[in-house]
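The values are calculated or read from the model by the stated rules, or taken from the named source; none is laboratory data. Since we're looking at a predicted model, the values are computed, not measured. Glycine gets a Cβ as well: all are built from the backbone with ideal geometry, and neighbour counts include every protein chain shown. Just the protein is used for accessible areas: all its heavy atoms, side chains included, with ligands, DNA and RNA removed. Shrake-Rupley method; radii C 1.70, N 1.55, O 1.52, S 1.80 Å.
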Amino acid sequence: MLVCLIVGACAFTLYQSNKNHVESLEAEKTSNTVYSLLQLLKFEFENIVADVRLLSKMQESQQVFTSHMTAILAKNLLFFSLDKKTYDNIRYLDRQGMELFRIDYHEGNPSVAENMALQDKGRRYYHKGSRKLKVGELYISALDLDTNSCDPGAIPKPIMRIAAPLFDSEGTRHGVVMLNYFGDHLCRIMELGTEGSSEKPMLLNDKGYWLRSNDADKEWGFMREGGKDLTFQASFPKEWDNIVNTVNGQIRTKNGLFTYATIDPGEFISELAGIQITSDAGKWIIMIHVPVAKLTARPKAYLAKMSMVLIPLSILIMAGIYSICLFRQTNKQAQLDIIEQQASYARFVPKEFLALLGKGRYRDLALNSHANHEMCILFSDIRSYTKLSEDMTHLDVIQFLNEYFLTVNEPIADNKGFVDSFHGDALLALFKDGNAEGATQAAIAMQHRIKRFNTNRAAKAKKPIASGIGIHYGEVTLGALGTNERLQATVIGDVVNLAARIESCTKTFGVNIVISDSVYKKLPDPTAFNLREIDTVRVKGKQIPVALYEVFDADPEPLIAEKKSLLPSFKQALGLYRQGDFNEAAELFKLCMKKCPGDTISPIFFKRCKTMMRIPPGDGWTGISTL
């Protein structure tokens, strides 16, 4: 009977543990997803702001108000509409709200609206909101259904309007340029951010109405006849009371797990662009709901399978309990001592290090123990660590570093590497047999883990961290240093020093991961990664230069796409820079800066070119920097 009670208690404990584990995984997963969605919205808003500001600053835009529209401008705007695919209309409105010119997207077949089709928008709330815009300011409307512009019988489109004022050189305000942004495109971006997940994101306004729901019949209740009660509050009143009073968070109720974050598009854009925003958008709530049925499905299945095993297991336990007790009595302590001793040694000297030295036991290590191996060396360091730790106690610093090292260690081990040593906030990891692919994959996974680490820190109102990673390949010496009484297993060599130098370049260039050409050449398939050559350097006291490559797979997806589009232009600009053609190189780097505002390297080389044009380097120029 006692055995049955114990087994039953164990079963309940295992079930509860599994249930808590499943909920913890779902909570972490949805928190990361909501954070990713916020980042996607950030980049999308950056693109929208860039587009409307570009149109407002185009000199040709004045033609709409001061003279007849030229065919060239109309053609350029048609190409702009076709290329972006995100704007239903591009409008030029005069000060009274009358359309002077309009481009209609027409589902991928953009066209210029006929004069007779131009409309008076003077009474629309979004024109009234954009009337008093000053130079450099923007207006953003609510995300609603465009019921006034759609054809009779057609389904209204979700639209958000962004406007910028147009002034001539004398400061006279002529009107505004207004972009009608597809709300469905915003929803598609959110769906891409949760691709592979069964729970799709929801978008609510600050009144609780669904702007995007898994049930289309609940959407846009505030614009539908009889839709007054189609709100989140009506379906989940207790949850809404919690959500509406907090900016972001996560709650678990009898209805499931709710993860949410609140954003104000106007404030969001204002902070991103550093400009004054007039907004009618209100606030949005991004939410992911995991129903309680999904949270409990796996634990219940686990309990059913466990029961099938535990019943016969109880019988076996009762039959063999006596012999097991005797065995444990005589052997348990001895086994624990051996295991603990080996585990204790391994915490200070990795077993992989021991194997590379050709030693089978820790007791075999001696001062003459050493071996040469060709390896990839990964060096990682927390940026601005000194400033970050200033407000921490010594105990807080140790706890923070341990949490950080636990976060980044797993990707290293998963890719067949191991940590050799910790140096304050830095770590040195080794990848044997020239495993360049594993080292690069580990660096990318480390950056992704750091993003999740920052999400957890943000939930605790702690500052995010950033880490740079440098990787180099070559021959190193592994051995034991110290005295007969005190030994330390370590790795030495120029390769180790250069890996640390390469890591320092990540801060200079404002990137996350940099590898050397020796690592690049060891990659089985470099095209499997997002790489670009960024510089050639020579370490002080050394003669052989080293080419450096940025690995940008851990960047946000929009930035990855922009950097990939820059590769031909950037490579050409870098070649001209090395040839000493600084004027042409500067122009190409400037073009790269416009195409990808988030690129941190093009501005550096643009500045270098300007410096070289002002102070020529003279004969012997090779384009090699000193590290």
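Quick test for you: out of E60, E23, pick the one residue that is within 22 Å of N115 (Cβ to Cβ), of a type in the set (D, E, K, R), at pLDDT below 85 and open to solvent by 30 Å² or more (accessible area, probe 1.4 Å).
On the way: E23 fails: within 22 Å of N115 (Cβ to Cβ).
That would be E60, the only listed residue that is within 22 Å of N115 (Cβ to Cβ), of a type in the set (D, E, K, R), at pLDDT below 85 and open to solvent by 30 Å² or more (accessible area, probe 1.4 Å).
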Looking only at region 214-229, which residues are assigned to a loop (DSSP other than H, G, I, E, B), within 15 Å of D144 (Cα to Cα) and open to solvent by less than 70 Å² (accessible area, probe 1.4 Å)? W220, G227
Quick check on Q96: is it more than 22 Å from M160 (Cβ to Cβ) and not basic (K, R)? yes
Single match in A547, A528 (criterion: out of contact with any helix residue (DSSP H, G or I) (no Cβ under 7 Å at 6 or more places or on another chain) and modelled with pLDDT of 95 or more): A528
Scan region 164-184 residue by residue and report those that are buried (at least 17 other Cβ atoms within 10 Å of the Cβ) and under 30 Å from P291 (Cβ atoms). F182, G183
Given (1) open to solvent by 40 Å² or more (accessible area, probe 1.4 Å); (2) touching a residue at least 24 places away in the same chain (Cβ under 8 Å); (3) more than 23 Å from E374 (Cα to Cα), number of the condition Y520 does not satisfy: (3)
Among the residues of region 261-281, are any β-branched (V, I, T) and modelled with pLDDT under 85? yes
Flagged pairs (Cβ under 7 angstrom, 6 or more apart or on separate chains; first in region 287-309, of a type in the set (D, E, K, R); second part of a helix (DSSP H, G or I)) are R298/V22
Matching residues in region 268-279 - criterion: being in contact (Cβ under 8 Å) with a residue 60 or more places away in the chain, outside any strand (DSSP E or B) and crowded, with 19+ Cβ neighbours inside 10 Å: F268, I269
Being modelled with pLDDT under 75 and assigned to a helix (DSSP H, G or I) is true for just one of K332, K305, K300. Which residue is that? K332
Failed item in (1) of a type in the set (A, V, I, L, M, F, W, C); (2) open to solvent by 10 Å² or more (accessible area, probe 1.4 Å); (3) touching a Cys at 6+ places or on another chain (Cβ under 9 Å), with L203 passing the rest: (2)
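When region 62-118 is examined, which residues are found to be of a type in the set (S, T, N, Q) and part of a helix (DSSP H, G or I)? Don't jump to the end; show me each part of the working.
So the first thing to find is which residues in region 62-118 are of a type in the set (S, T, N, Q), and the list is 62-63, 66-67, 70, 76, 81, 86, 89, 96, 109, 111, 115.
Across region 62-118, the qualifying residues are Q62, Q63, T66, N76, S81, N115.
Looking for whichever is modelled with pLDDT of 85 or more, within 21 Å of L138 (Cα to Cα) and open to solvent by 40 Å² or more (accessible area, probe 1.4 Å) here; the options are R102, R91, R53. Which one fits?
Details: R102 fails: open to solvent by 40 Å² or more (accessible area, probe 1.4 Å); R91 fails: open to solvent by 40 Å² or more (accessible area, probe 1.4 Å).
It is R53.
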Please specify each residue of region 230-269 satisfying the condition of being in contact with a strand residue (DSSP E or B) (Cβ under 9 Å, 6 or more places away or on another chain) and charged (D, E, K, R). K238, E239, R252, D264, E267
Over region 230-255, the set of residues open to solvent by less than 60 Å² (accessible area, probe 1.4 Å), part of a loop (DSSP other than H, G, I, E, B), at pLDDT 85 or above and not polar (S, T, N, Q) is F236
